[in-house]
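What follows is a single structure, written as structure tokens, with notes after it.
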Amino acid sequence: MYFPELSERFKQLLAELRGRRVAVLGHLRPDGDCIGSQVALTRVLCSQGIDAIAVNRDDPPRVIQPFVGDTPWALAKDFTPEGYVTMNVDCADPIRVGMLLEGMFPETLANIDHHVSNPSYGRHNFVAPATSATAEVLAGMFFDLGLPVDAVTAQALYVGIATDTGQFRFPTTTGQVFELCARLCACGASPAEVARELFEQEPLAKLKLLRRYLGSLRLYHSGRICIGVLREQDFQETGAEHEDAEGFVDYARDLDGVDIGMLVQEFENQVKGSLRAKTRAYRLDQLAQEFGGGGHAPAAGFNQHRPLEEVCELLLRAAEVHLEKMDRERGTVGA
Ligand SMILES: [Mn+2]
């Protein structure tokens, strides 16, 4: 068994839900793990005689769309919630589903997630903070319980794990992750097909946007902090979409000598910050919380309603203080 305790409770929940209607909710601006988890859970629920549908405020990103297949799907604005209970996936916080869905469903029946900051807000909680992805939790429970994992489900779970591990590079990439992926491949997941869809259909506008982000990178704090920015103008002038900036922050983090990499971008009249560290030791979830956000220890984010310059200044100062505090706690002086 991968998750004995969670799987036992999940089995009981499935029995309770037979014949019911379930909306499987994901977070705003969904990523591969969110969509992959929604697709997989919705399909497995349907296979168990549960009338399930995935519901999102936003459409899946362009490169993730092909993995939805024939899974029942609705946008929040077109959805009638009467008679449905909800299961949230990959949502560290109930407000992550967006105001519209939160208003429709003040109560979350089940909360399935892997964010360390998740306060277990559901009536039933399946939160495994040490795992790489919500898709890993779902895959483990499905295999534990012998539930049917069809090819679309397997592929969706593989997408969730491959994206949330940064293509099997992040510290959360364990032996169990590879074991589960091997089983997903046996059920029809294709790593080559996923790689082609996700990484080998880059629009030129995205590369133009990347050039601007790379051009904006600045080093601070003896080269241990790297910040790059993207303004609304950068998106307009390159013709890139906001989802194209996904993953750019890794370039800042990946620089030699850098401990914390950041991307600060103007987005929907807000300023969005993405934070990445090379190790979990830097507790970026805590740094993001200072700005009203959250996430994982090595990868976190936030939204702010201040001008971009002001956010950068505050963030840099907070990051320096945070970095020094983390150094002291680890008993090291500098890098
Ligand atoms: Mn995730």
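The aspartates and glutamates within cross-link reach of Lys77, meaning a Cα-to-Cα straight distance under 15 Å and a gap of 8 or more places when in the same chain, are Asp58, Asp59, Glu102. Across the accessible surface of the chain, with the other protein chains kept in place and a 1.4 Å probe, carbon and sulfur atoms take up 51 percent.
Given Cα positions, please report Rg to Rh for the stretch 4-199, the hydrodynamic radius being the Kirkwood one. Display every interim value, and only then the final one.
Numbers: Rg = 15.0 Å, Rh = 16.2 Å.
Taking Rg over the Kirkwood Rh, I get 0.93.
Across the stretch 98-114, coupling constants 3J(HN,Hα) worked out from phi with the 6.51/-1.76/1.60 Karplus curve, θ = phi - 60°, read x, 4, 4, 6, 5, x, 5, 10, x, 10, 9, 5, 10, 10, 10, 7, 9 Hz, and Gly and Pro carry x. The packing ranking of peptides 26-34, 296-304, 176-184, 322-330, highest mean first, is 26-34, 296-304, 176-184, 322-330, where packing means the average number of other beta carbon atoms within 10 angstrom of each residue. For Phe267, the residues 5 or more places off, or on other chains, whose built amide H falls under 5 Å of its own are Lys272.
Can you tell me, using C-alpha contacts under 8 Å and at least 6 residues apart, the relative contact order of the stretch 4-199 as a whole percent? Intermediate results must be reported in sequence, preceding the final value.
Numbers: 378 pairs, mean separation 43.6, N = 196.
Over the stretch 4-199, the number comes to 22 percent.
Only lysines eight or more places from Lys206 in sequence, or on another chain, were considered; those with a Cα closer than 24 Å are Lys272.
Put simply, the Cα atoms of the stretch 204-330 extend 45, 30, 22 Å along their principal axes, the longest span coming first. Expressed as a fraction of 2.2 N^0.38 Å, the C-alpha radius of gyration for the chain is 0.99. A simple rule links phi to the HN-Hα coupling: the Karplus curve 6.51 cos²θ - 1.76 cosθ + 1.60 with θ = phi - 60°, which for the stretch 308-313 gives 4, 4, 5, 4, 4, 5 Hz, with x for Gly and Pro.
Based on protein heavy atoms only, the stretch 204-330 ends up with 48 Å² per residue of surface accessible to a 1.4 Å probe. Solvent-accessible area per residue in the stretch 4-199 equals 38 Å², computed with a 1.4 angstrom probe and all protein chains kept.
The values are calculated or read from the model by the stated rules, or taken from the named source; none is laboratory data. Quantities reported herein were computed from a predicted structural model and do not represent experimental measurements. So basically every Cβ, Gly included, is an ideal-geometry build from the backbone, and we count neighbours across all protein chains shown. With ligands, DNA and RNA removed, areas are computed over all heavy atoms of the protein, side chains included. Shrake-Rupley method; radii C 1.70, N 1.55, O 1.52, S 1.80 Å.
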